[in-house]
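Structure first, then comments.
The values are calculated or read from the model by the stated rules, or taken from the named source; none is laboratory data. The structure presented is a predicted model; accordingly, all values stated were derived computationally and were not measured. Glycine gets a Cβ as well: all are built from the backbone with ideal geometry, and neighbour counts include every protein chain shown. Areas reflect the complete protein model, heavy atoms only, side chains present, ligands, DNA and RNA absent. Shrake-Rupley method; radii C 1.70, N 1.55, O 1.52, S 1.80 Å.
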Amino acid sequence: MTQSGEPAPPARGAEEPEVRPATARAGQPPRPETRPQEAEQLPPDHSRAILEATKRVGVLLKRKGHAFALAGSVAVYAHGGSENLQHDADFCVSPDDAEAVTDTLRDAGLTVYRPPEDWLMKAECFGQDIDIIFELAHKPVTSDMLARARELPVDSVRMPVLAPTDLLWSLIAAFSEHHCDFGAVLPVARALREKVDWDRMRRECEGDPMPAAFFFLLERLDVIAPQKET
């Protein structure tokens, strides 16, 4: 997941190899290679591997009583969206809890490291990337947002998942002149449209030109009803 909170382009999740090597990215510290015993436990399908990693991290956070909410493409899946998952699993926590959450993951044997960005921490589980996010669409994750999360099953594990309106807001509110991929968010809007408070969405994005353009596109495609004139 990007600083903007939007998912990576769908093609990456569909075309990536089964297990990606844990190589360093530009501007990031090197990461240890995936341990052989972890690689052997991975399901053959990449989306299933992400789900297994998500479930393990979710269980670890639940056992320690951390307040969190699943976000990103796995959250969309939990709300009934596509199982064609993206390149990582995203967990939202408040900024005050970020260090405690990462300590929990380290204590469980996961590799945790701090990337150059100051709005998240990163971890690895079963060779998959895990983002521990404490800022969405340039705003801190709040206790109110976490309280609105819904407990939903992610395969066999129930865990808090961002409410549909918060989940879609985190993607739409992040649109800017520099990063504005309507094509990546359109399938999410279609999947969640019956569960989203669109009036609240418009209010919270009011005055921002890129979200306004996206709402117009959704209206033209009959995904949402036109805004009522006041």
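Summary table
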| quantity | calculated |
| --- | --- |
| Solvent-accessible area per residue, Å², over the stretch 95-230 with all protein chains present [probe radius 1.4 Å] | 50 |
| Solvent-accessible ranking of Phe126, Phe214, largest area first, probe 1.4 Å | Phe126, Phe214 |
| Contact order normalised by residue count of the stretch 117-174, Cα under 8 Å, 6+ apart, percent | 23 |
| Descending principal axes extents, the stretch 78-144, alpha-carbon based, whole Å | 32, 30, 21 |
| Nearest-20 debye value, the stretch 157-208 charge dipole, Cβ charges on Lys, Arg, Asp, Glu | 320 |
| Distribution of pairwise C-alpha distances over the stretch 106-145, 5 Å bins, in % | 6, 21, 25, 21, 15, 11, 1 |
| Cα-based convex hull volume of the stretch 45-98 per residue, rounded to whole Å³ | 74 |
| Equivalent ellipsoid semi-axes - Cα gyration tensor, the stretch 31-188, angstrom | 23, 18, 16 |
| Net charge dipole size for the stretch 39-146 [Lys, Arg +1 and Asp, Glu -1 on Cβ; Debye, nearest 20] | 320 |
| The stretch 138-224 shape via C-alpha gyration tensor axes, a/c threshold 1.5 | prolate |
| Nearby aspartates and glutamates by direct alpha-carbon distance to Lys64 (threshold 16 angstrom, same-chain neighbours under 8 apart not counted) | Asp96, Asp97, Glu99, Asp103, Asp107 |
| Cross-link partners of Lys139 among lysines (Cα-Cα below 24 Å; sequence separation of 8 or more within a chain) | Lys122, Lys195 |
